[in-house]
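The values are calculated or read from the model by the stated rules, or taken from the named source; none is laboratory data. Because the structure is a prediction, the values reported are computed rather than measured. Virtual Cβ from ideal backbone geometry, glycine too; neighbours counted across all protein chains shown.
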Amino acid sequence: MIRVAINGYGRIGRSVLRALYENGYRDNIQIVAINELSNLDTISYLTRYDTTHGRFPLPVSCDDDALRIGEDLIQCFSESEPENIDWKQLNIDMLLECSGSFSSSDQAKLYVEAGVSRMLLSQPADSEVDATIVYGFNESEIEPFHTIVSAASCTTNCLIPILEGVEHLVGIEQGMTQTIHSAMNDQPIIDAYHKNDLRLTRSAMSSIIPVDTGLSKGIQRLMPELGSKIACNALRVPTINVSAIDLVIRTKKPVTVEQVNACFDALSVGKYKNIVGFTKEPHASVDFNHDARSVIVDGTQTQVVDGRLIKLLCWFDNEWGYANRMLDVASYWGHKISK
C-alpha cells in the first residue's frame, strides 16, 4: 500500500480518484490528501456528480476539512504555493500532480523542496525529469530513487503502442498524425479572451479549432529510432470526451489490411492486453466513453494504399484511459519502492 496525494482536482484529478475506487487500485494505493483551490463543498459535489462519467459509486460527504468517501477520510487543502502544505507530516510516498501547471523539472522541484519525495506528473515534461513513462511500453525504466516522473500525455499513451506495433511488423519510414480531440477546460463556451492562442478565444462548442501539439516531441523522446519521421497536428472538436488519432504511415515493407489488423488484434490480447483494444464493429466516439484502455484500433477503418501506405483510426477516452494509466504507473513505481 502506497500513500498518495492529488494536487489539482480537475478533470484528471477527479478521474484518478474515481478510477482508484472503481477499478481495483484501492488494493495498493491510498489517497490521503487533495490540494485544490476550490472549496470543499464544490469538491464533494463534483466528486458525486459528473456529466461525463456519471454518479460516483460510493457515498461522498464533507467532514470538517476532509472529504469522506465511504469509510475513507481524505484531508483537503486549498493552497497555491507548495511550501504552504506540510507534505512531510502527511507521510505520502508520492504526489500525483494533476493540475497541468507543471511541465518543467524546475517547477516540479518546488514541491520536492517543500517535502514531496516523489512526484508523478499528469502531463509531458522537459527532458530534465527522471523519466517519461508510457505504461505497457517502458515502465521498467522507473527506478525507486527517481524523484520526478512524467506519465506523458493521453495522446502519447494512445500512439506509442501503435507505432511500436507497426515498427515491429513492417518498419516505419514516415508518418503523420491528426489528433481529433474533445474540447478542454482551457476553451471558453462562448468567445472569450485567452492568454496565448487566438484560436482558443473562440467558442469550443461552435467550431473545430486547430491547436498546437507537442506529440512529435514525445514520440522522439520515447522512440528515438523514429527521429523526426512523424509529424503531428491536432484539432479540438465540440464533444466533451473521447478523442481519436487519424494516423498515416509509410512503411518500409509491403503489408495488407489483414496483416495490420491481425497485428493489433494480437497486441490486444498479448503484450498490451487491457491497454490496446481492437474492434471491427461499427462505432461512434461515445461508445468509448469510460473506456480504461489507452487506445482502441478501429479495424473497420484500416486502409492500405499501394502496399506501403497505412491509414489507421485510433480511439481513446482522453480522461478515463489516461487516469487509469497514471494509476498503473503509480502502482508500478510504488511496487519498486516497496522492494
- Item | Boolean, Leu58 is touching a strand residue (DSSP E or B) at 6+ places or on another chain (Cβ under 8 Å) and part of a strand (DSSP E or B) | no
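Taking the range 104-126 as the search range and keeping residues that are part of a loop (DSSP other than H, G, I, E, B) and either under 15 Å from Thr156 (Cα atoms) or not assigned by TED's automatic domain parsing to the domain that holds Asn84 (or both), which one is farthest from the chain's Cα centre (by Cα)?
Looking at residues that are part of a loop (DSSP other than H, G, I, E, B) and either under 15 Å from Thr156 (Cα atoms) or not assigned by TED's automatic domain parsing to the domain that holds Asn84 (or both), I get Asp126.
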- Message: Please go through the range 286-307 and give me each residue that is in contact (Cβ under 8 Å) with a residue 60 or more places away in the chain and either under 20 Å from Glu164 (Cα atoms) or of a type in the set (Gly, Ala, Ser) (or both), ordered by number.
- Response: Ala292, Ser294, Val295, Val297
- Message: Checking Gly165 against (1) modelled with pLDDT under 95; (2) more than 19 Å from the chain's Cα centre (by Cα); (3) in the same structural domain as Arg221 (by TED's automatic domain parsing), only one condition comes out false. Which one?
- Response: (1)
- List pairs: first in the range 255-283 and touching a residue at least 24 places away in the same chain (Cβ under 8 Å) and in a loop (DSSP other than H, G, I, E, B), second among the aromatic types (Phe, Trp, Tyr) and surrounded by 13 or more Cβ atoms within 10 Å (Cβ to Cβ), Cβ under 8 Å, 6+ apart or cross-chain? Ile275/Tyr135; His283/Trp315
- Task: Those residues that are over 17 Å from Ile133 (Cα atoms) and buried (at least 18 other Cβ atoms within 10 Å of the Cβ), I need them from the range 203-225; list them, please.
- Result: Ala204, Ile209, Thr213
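Suppose we keep only residues that are among the hydrophobic types (A, V, I, L, M, F, W, C) and assigned to a helix (DSSP H, G or I) within the range 181-215. Which one would you say is nearest to Gln123 (Cα to Cα)?
Checked the range 181-215; the qualifying residue nearest to Gln123 (Cα to Cα) is Leu215.
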- Item | Tabulated pairs, the range 61-76, first assigned by TED's automatic domain parsing to the domain that holds Ser44, second of a type in the set (Phe, Trp, Tyr), C-beta under 9 angstrom, 6+ apart or interchain | Asp65/Phe77; Ile69/Tyr21; Ile69/Phe56; Gly70/Tyr21; Asp72/Tyr21; Cys76/Tyr9
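Take the conditions touching a residue at least 40 places away in the same chain (Cβ under 8 Å) and either in contact with a Cys (Cβ under 8 Å, 6 or more places away or on another chain) or surrounded by 17 or more Cβ atoms within 10 Å (Cβ to Cβ) (or both) and apply them to Arg250. Does it pass?
no
Any idea how many residues of the range 156-180 are charged (D, E, K, R) and touching a Ser or Thr at 6+ places or on another chain (Cβ under 8 Å)?
Total meeting the criteria: 1.
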- Of those in the range 115-174 that are without any contact (Cβ under 8 Å) to a residue 40 or more places away in the chain and of a type in the set (Gly, Ala, Ser), the residue nearest to Val260 (Cα to Cα) is Ser140
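Is it true that Ser99 is surrounded by fewer than 17 Cβ atoms within 10 Å (Cβ to Cβ), part of a loop (DSSP other than H, G, I, E, B), modelled with pLDDT under 95 and polar (S, T, N, Q)?
Against the criterion (surrounded by fewer than 17 Cβ atoms within 10 Å (Cβ to Cβ), part of a loop (DSSP other than H, G, I, E, B), modelled with pLDDT under 95 and polar (S, T, N, Q)), Ser99 does not qualify.
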